[in-house]
Amino acid sequence: MTPPRAVSAAFLAFLIVILFSDTAAEIAGEDFPTTLRLERAIPRRGVEIEHLKARDLARDLSRRKNGWRLSVAGVVDFPVDGSANPFTVGLYFTRVKLGNPAKEFYVQIDTGSDILWVACSPCDGCPTSSGLNIRMEFFDPEKSSTASKITCGDDRCTSALQTGESICTTSESSSSLCDYTFQYGDGSGTSGYYVSDMLYFDTITGDEQAVNSSATIVFGCSNTQSGDLTKADRAVDGIFGFGQHDLSVVSQLSSLGVSPKVFSHCLKGSDNGGGILVLGEIAEPGIVYTPLVPSQPHYNLNLESIAVNGQTLAIDSSVFATSTTQGTIIDSGTTLAYLADQAYDPFVNAIVSSVPKSASPFVSKGNQCFVTSDSADSVFPSVTLTFMGGAVMLLKPEGYLLQQGNVDNAIIWCIGWQKNQGQGISILGDLVLKDKIFVYDLANQRIGWSDYDCSSSVNVTMSSGKNEYLNAGQLDVSGSSHTASRFIFVLVHIVYILTFLLIDSD
C-alpha cells in the first residue's frame, strides 16, 4: 500500500518542519512578553543585625497581642523581588495591581499575617521614597471607579472583628468605616480602613496559557504609619498577608473559585534574590509534609528535635510543644530565625563544638562568629530539624549562618539564628526558608518543603490538572502554547505514524 505510506511520510516530514521551525523561531525571538519579570532591587546601604532583631521582635510582640470578573480558574502567579540577605535587602516582596484604573504596588510577602494592605492617600507618616529603588505609590479609593469602602455593618467586617483584624465600637453606627490597627511592640504600626476593589493578576490555565485576570477583593487602606514603617531605607507600599484568615487574599480567591486553597513559594537565596510565588501547589519530587498545628493564628508546626552534625541535641521535647506561649512558626516576614530560649544555647554550643580549630571563634555584639578561609560547607556542620510525621528539614550552613565580612583572605561567618530571650516561641524566617520549595496546603492543613534551585522552573498542580510553571523570562503570555507542549504533541504523532508504517511494511 504505497500511497498511504507516502502520505504518512509526507505528513511526518511536515510535522517535523513545523516542530523545528517554530522551536527555532521561539528560541531566536527575544521580544515576546513574559509572565515573570524579576527586578533586582538592592538598597543603597546595609542593615544592622540589631535593627533586624528589633523589627523581628516587634512582629513577635504583635503576635502575642493578638470591573472584570475572572472567567476561568487556574494557578495565580505573582512575581518575586528582594532577597534574604539582611545586608542588602532583607525581605521578599511582590507586586499587585489594584483599582480602576489599575495602579501597581510593591508589598512584602508575609506568611505571618493575614491582610493585604497598602498605603493610601492621604497618609500620615508614609514614606514617599525607598532605598529599594522602587517607586512608591498611594491608593486613593476616590479615584478608583470600582472601589467601595467597607462599613461596620458589612458581614466581611464582622468576620474581621471576630479575630481582632478590625475595629468597630458599639457606639458606632453600621455605616461607620470598618477600621483596623496593626501595632508592633517597638511602636511601629499602621492603621486605616478596609475597601473593596479589583485585584489584577496573571492566571496560568489548564492548557498552560497565561490569562490577564481579575477579581473583587477586600484589602486594607492605610492612612497612618509609625515607627520603622516611616523609614525609607527598605520601604515598600504595604504588606501582603498570606495567613489563613477569611480576609486573606488566598482565602478570598479560593472562595470565589479563582484558585485552590493552597499557595507555594520558592525564594532564591542569592544576593540577586527573586523567586516564585503562586496560588497553587508546587509538585516536585522529594517534597515532605508535616501537619499544621490546628486552631492556631499562624503557621505553627510541631518541631520534635534538632540535630547538629547528625547528633540530636539534648533538649526536652516539651520545649517545642505548642501552646499560647510556645511553638514553632513559619514566617516569611521575619528576616532571621529565632530559637526558643531553652533551645538556643545547646544549639550554639553544638555548632561551636563541631567546627574545626582552623576556624577561629569569637563573639561580636552577642553573636557567635568564626573566621575561616575555607568554604562554609567544609567547615560548618549541617543542621537537621525533625517535625511531626518524620518530616526532615536539612539545613546547610547558609541556612543558619550570615556572612558578616572579610579579613584579609578569610571570611567572617556569624550564627544568624537569634535567641528569643525569655520566650518559648521559635520562628523560622527567610534565613531558613530560602532555596527551598514551601507548599502551604491549607485545604489539607499541612506544609511541605524540599531543597530546590529557585531559579529553575517548577510544576504546579491545580484541580483541573498539572501545569508547568516557568520561571522568569521563560513563559510566553501571548496566549500561544509552550514549545514543550508542541514538542510532545508532535512526538506522539510521529510515534503513531512510524508504528503504522512498520505494521504496513510487514
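The values are calculated or read from the model by the stated rules, or taken from the named source; none is laboratory data. This one's a predicted model, so the numbers in the text were calculated from it and none came from an experiment. Every residue, glycine among them, receives a Cβ derived from its backbone with ideal geometry; neighbour counts consider all protein chains shown. In case anyone asks, the SASA skips ligands and DNA or RNA and just uses the protein heavy atoms, side chains included. Shrake-Rupley method; radii C 1.70, N 1.55, O 1.52, S 1.80 Å.
Tabulated data for the structure shown
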quantity: Peptides 229-238, 351-360, 260-269 ordered by average Cβ neighbours within 10 Å, highest first; calculated: 260-269, 229-238, 351-360
quantity: Protection-proxy order for peptides 145-156, 103-114, each taking the mean of Cβ atoms within 10 Å per residue, highest first; calculated: 103-114, 145-156
quantity: Efficiency of FRET between S378 and A321 - r from beta-carbon atoms, R0 45 angstrom, step 0.05; calculated: 0.80
quantity: For region 134-274, accessible area per residue (1.4 Å probe, heavy atoms of protein chains only), Å²; calculated: 37
quantity: Greater than 30 Å apart at Cα, pairs in K231/K396; K231/K261; K231/K419; calculated: K231/K396; K231/K261
quantity: Solvent-accessible ranking of Y193, Y299, largest area first, probe 1.4 Å; calculated: Y193, Y299
quantity: Apportionment of accessible area to carbon and sulfur, region 172-304, percent (1.4 Å); calculated: 48
quantity: For Q342, net neighbour charge (Lys/Arg +1, Asp/Glu -1) across residues whose Cβ lies under 14 Å away; calculated: -2
quantity: Kirkwood Rh in Å, taken over region 104-251 so that all alpha-carbon pairs contribute; calculated: 16.1
quantity: Scattering profile of region 91-182 at q = 0.11 Å⁻¹ [log10 I(q)/I(0), Debye over alpha-carbon scatterers]; calculated: -0.39
